[in-house]
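Novice: Quick one: this structure, given as structure tokens, is what I'll be asking you about.
The values are calculated or read from the model by the stated rules, or taken from the named source; none is laboratory data. Note that the structure is predicted; figures quoted are calculated from it, not measured. FYI the Cβ positions are ideal-geometry reconstructions off the backbone, even for glycines, and counts take in every protein chain you see. Heads up: the accessible areas ignore ligands, DNA and RNA and are worked out on the full protein's heavy atoms, side chains in. Shrake-Rupley method; radii C 1.70, N 1.55, O 1.52, S 1.80 Å.
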Amino acid sequence: MLALIDANNFFVSCERVFNPKLEKRPVVVLSSNDGCVVARSQEAKALGIPMGAPAFEYKALCKKYDVQMLSSNFALYLDMSRRLMQIVRSYVEHVQVYSIDEAFMSLEGMSEEAAVALCTEIKSTVLQWTGLPVSIGIAPTKTLTKVAGMHAKKVGIYLLNETNRQACLEACEVHDIWGIGRRLSERLHKKQIYTAWQVAQANDSWLKKELSVVGLRLAWELRGQPCLELEELADPKKSISTAKSFEEPIEDVERLLAILADYTAYVAEKLRDQESLASYVQVWLTTNVHADEPQYSQEASYVLVEATDYTPTLIDCAKKCLKSIYREGYRYKRVGVLLGNFVQERTLSLDLFSKTDPKRREKEHKAMQLVDSINEKWGKKSLYFASQEPRSVRKQFCTPRYTTSWDDLLKVF
């Protein structure tokens with residue numbers, strides 16, 4: 001027995017916790033730089049505003065129907081997510097955090113009645129302690145909990161068992177099955193397979209041939225046979241990257257180097273979070289491909305002899321890459337950096353002919369630990385490198401960081 005807890009319209013719900021005036025009102029949350037719609041309230045969905053829609057295309061509609069547009073407040077959302085997961089873990093020992101607003105819970109050994117009772121209590125506690133509305137789907141497998149979660153959106157808690165499994169799967173279209181994307185849906189449609197129930201009833205040999213072993217396991221999961229384990233720790237990423245478009249094109253190489261240094265420091269921190277070391281750095285630089293002006297796009301890479309997570313070393317490598325591809329006379333709109341070829345810190349084997357002093361490596365490790373701990377405690381960029389230029393991010397409609405900044409504490413009069 002498993003359960004999937006999902007916070008309803010999470011970003012919007014976080015905003016509504018601290019601003020009740022947003023209740024029953026259409027609300028959209030925008031991506032970084034206020035570019036695209038990344039979250040919508042039910043009222044906004046009813047107006048036909050799609051996910052990922054460019055914000056400027058819907059300004060007129062938002063004005064007409066008094067839609068509240070908000071910038072992403074990730075500091076608030078991450079902290080609210082942490083509080084949600086803490087509550088879940090206080091009730092259930094084995095939890096897999098699947099995303100910022102979703103988590104699988106193991107209810108092994110529980111009867112259906114006990115599982116529903118426990119999930120009802122969790123739902124009530126989350127609402128009381130955080131103000132977040134959640135829905136919970138309960139089923140024998142992870143894939144079925146996803147199906148149950150769709151029904152739970154309407155009723156709060158939904159138990160999917162053998163009694164209603166066929167009806168649930170017949171109502172679930174193939175493109176709504178967890179793990180099946182658009183292309184696979186189109187292939188299944190060509191075979192006259194339109195529902196999850198038809199996938200579950202398909203022949204195993206045919207499934208393996210058409211959908212590979214992954215598709216076969218998916219069908220088994222739909223039949224109620226667990227194939228996907230509850231993973232409490234996510235696998236470390238194989239690469240980490242970031243790239244942002246600038247509000248205005250940039251020609252000055254020194255400005256580009258400063259922005260790149262900031263991006264590299266950011267991905268280096270993410271690298272240390274998963275206890276990995278990078279031995280490959282890639283940088284790319286592009287102009288505005290939609291502008292009526294000279295176009296240029298190029299990338300360069302740097303392979304380190306010894307893997308590292310030391311930010312100054314990674315910044316130095318990234319800058320060398322940028323200098324090698326920068327050309328004067330162009331107005332650049334975007335720069336990005338990627339770290340790859342990871343090895344885990346605990347499994348690192350030093351080169352026999354390494355020129356790096358082990359004591360120096362230990363000092364670098366302690367320095368990065370100090371920087372990360374201070375920034376975690378006192379806020380990002382409390383400590384940063386002189387070569388960094390803070391990212392220019394447009395957040396015209398951002399709300400206060402109610403739970404992570406003393407200056408933004410909610411004031412009640």
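Novice: Tally the residues that are in a strand (DSSP E or B), of a type outside the set (Val, Ile, Thr) and open to solvent by less than 50 Å² (accessible area, probe 1.4 Å), restricting the search to the range 330-345.
Specialist: Result for the range 330-345: 7.
Novice: A follow-up question, please. Looking at (1) surrounded by fewer than 19 Cβ atoms within 10 Å (Cβ to Cβ); (2) outside any loop (DSSP other than H, G, I, E, B); (3) modelled with pLDDT of 85 or more, can you tell me which one Gln192 breaks?
Specialist: (2)
Novice: When you scan the range 149-177, how many residues do you find that are free of Cβ contacts under 8 Å to residues at least 40 places away in the same chain and either assigned to a helix (DSSP H, G or I) or farther than 22 Å from Cys119 by Cα (or both)? It would help to see each step written out before you state the result.
Specialist: In the first step, residues of the range 149-177 are kept if they are free of Cβ contacts under 8 Å to residues at least 40 places away in the same chain; the result is 150-151, 154-156, 158, 160, 163-164, 166-168, 170-176.
So of that shortlist, the ones also either assigned to a helix (DSSP H, G or I) or farther than 22 Å from Cys119 by Cα (or both) come out as 150-151, 154-155, 166-168, 170-176.
Looking only at that region, the number is 14.
Novice: Kindly indicate whether any position in the range 67-84 is open to solvent by 50 Å² or more (accessible area, probe 1.4 Å) and farther than 30 Å from Thr242 by Cα.
Specialist: no
Novice: In the range 106-148, what residues are assigned to a helix (DSSP H, G or I), open to solvent by less than 40 Å² (accessible area, probe 1.4 Å) and hydroxyl-bearing (Ser, Thr, Tyr)?
Specialist: Thr125, Thr130, Thr143, Thr145
Quick grid of which residues meet (1) closer than 28 Å to Gln128 by Cβ; (2) modelled with pLDDT of 90 or more; (3) touching a helix residue (DSSP H, G or I) at 6+ places or on another chain (Cβ under 8 Å):
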position: Arg16; (1), (2), (3): yes, yes, yes
position: Pro20; (1), (2), (3): yes, yes, no
position: Gln42; (1), (2), (3): yes, yes, no
position: Gly52; (1), (2), (3): no, no, no
position: Lys59; (1), (2), (3): no, no, no
position: Tyr65; (1), (2), (3): no, yes, no
position: Ala75; (1), (2), (3): yes, no, no
position: Leu84; (1), (2), (3): yes, yes, yes
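Novice: What pairs come out if I take residues in the range 1-15 that are under 15 Å from Thr120 (Cα atoms) and pair them with residues that are small (Gly, Ala, Ser) and part of a strand (DSSP E or B) whose C-beta lies under 7 Å away, six or more apart or interchain?
Specialist: Leu2/Ser106; Leu2/Ala139; Ala3/Gly137; Leu4/Gly137; Ile5/Ala103; Asp6/Ser135
Table: residues versus (1) surrounded by 14 or more Cβ atoms within 10 Å (Cβ to Cβ); (2) in contact with a helix residue (DSSP H, G or I) (Cβ under 8 Å, 6 or more places away or on another chain).
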site	(1), (2)
Ala171	yes, no
Gly179	yes, yes
Arg183	no, no
Ala196	yes, yes
Gln201	yes, no
Lys208	yes, yes
Glu229	no, no
